[in-house]
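The structure appears right after this line, and notes come after that.
Every read-out reported here was derived from the displayed coordinates using simple, explicitly stated rules and does not represent laboratory data. Keep in mind that what you see is a predicted model, and the values were worked out from it rather than measured. Glycine also receives a Cβ, built like all others from the backbone with ideal geometry; neighbour counts cover every protein chain displayed.
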């Protein structure tokens, strides 16, 4: 059981990256399109922050699964997630129904930076806050399984 749990949480960020790539290859209204175009655009533009923040967080969980979350690995995961955001924007530049902008790349980067700062402060600096306790709980659960 222990190996399957680690394999699952190790594969999760890469599966998520595949989902990002797959959706980037489709028109922006493939998953949903709201009647209110302004609201639709606002939500979809905001998702840049969210989706790459999630990617970085999934790498953190994968590192916790192996007991390898350190400041160095945390930084490396953030850099990797940020570069994947840039790669995704370059990819979208070649998809006919999509667009790639510097602003979108900055939003991708900001999502990674927000999660990076929260984890850096909560897990590595304070170690006793709500976020740190949840991450430490994950870490203990992975060690127990």
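What FRET efficiency comes out for the pair residue 72/residue 23, r = Cβ-Cβ distance, R0 = 41 Å, nearest 0.05? Approximately 0.85, to the nearest 0.05.
Maximal additional length on extending the residue 125-residue 99 stretch stands at 5.5 nm, based on 0.36 nm per residue less the C-alpha distance. Seen from every direction in turn and averaged, the convex hull around the alpha carbons of the range 2-144 projects onto 9.3 nm².
Rg/Rh for the range 98-145 (Cα atoms only, Rh after Kirkwood) is 1.23.
Of the peptides 61-74, 102-115, the order by per-residue mean of other Cβ atoms within 10 Å, starting with the highest, comes out as 102-115, 61-74. Compared with the direct C-alpha span, the chain from residue 145 to residue 90 gains 15.8 nm at full extension, assuming 0.36 nm per residue.
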